[in-house]
Amino acid sequence: MAQTSPSATSTRDAIIKGGAQLNGVAVHCGKITEAQAKESKEKARVSIYGKGGDSTGFDALYDASYNAGLAKAKAMPDNGKAACERLDELQKQGAAAAKK
């Protein structure tokens, strides 16, 4: 069995957490639906682990991060308006980068 280095594992976990939190915020902001968030989760699993790869722990990490992103947006004094605006900025930056 191949071993994964600690830095590779922490990088992988950070990517999972970040994507999950963004999906939680996106659902809160109405940018994506719950079904689209689930689809994104499965795409992330395949992208990170490969088709049929051992993704033990993925669901727990992803779901906890998704729920944290959703809860954080809801708990903001403005009910997440600032988080939604930041998400819009990130989407614009991503679109601009894709055009280059």
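So is residue 54 charged (D, E, K, R) and open to solvent by less than 90 Å² (accessible area, probe 1.4 Å) or not? No, not satisfied. Taking segment 1-28 as the range and being farther than 17 Å from residue 63 by Cβ and assigned to a helix (DSSP H, G or I) as the test, the residues that pass are 6, 7, 8, 9, 10, 11.
At pLDDT below 95 and surrounded by 13 or more Cβ atoms within 10 Å (Cβ to Cβ), is that true of residue 49? Judged against the criteria, residue 49 is a match.
Cβ-Cβ distances below 8 Å connect the following pairs, each with a first residue in segment 47-76 that is in a helix (DSSP H, G or I), a second residue that is surrounded by 11 or more Cβ atoms within 10 Å (Cβ to Cβ) and of a type in the set (Ser, Thr, Tyr), and a separation of six or more residues or different chains: 48/55; 49/55; 58/49. Residue 31 meets all of the listed conditions (1) basic (Lys, Arg); (2) in a helix (DSSP H, G or I); (3) open to solvent by 70 Å² or more (accessible area, probe 1.4 Å) but one, namely (2).
Please work out which residue is nearest to residue 20 (Cα to Cα), limiting yourself to segment 79-100 and to residues that are touching a helix residue (DSSP H, G or I) at 6+ places or on another chain (Cβ under 9 Å) and not in a helix (DSSP H, G or I). Result: 80.
The values are calculated or read from the model by the stated rules, or taken from the named source; none is laboratory data. Quantities reported herein were computed from a predicted structural model and do not represent experimental measurements. Cβ coordinates were reconstructed from backbone atoms using ideal geometry, including for glycine residues, and neighbour counts include every protein chain displayed. SASA here: full protein model, heavy atoms, side chains in, ligands and nucleic acids out. Shrake-Rupley method; radii C 1.70, N 1.55, O 1.52, S 1.80 Å.
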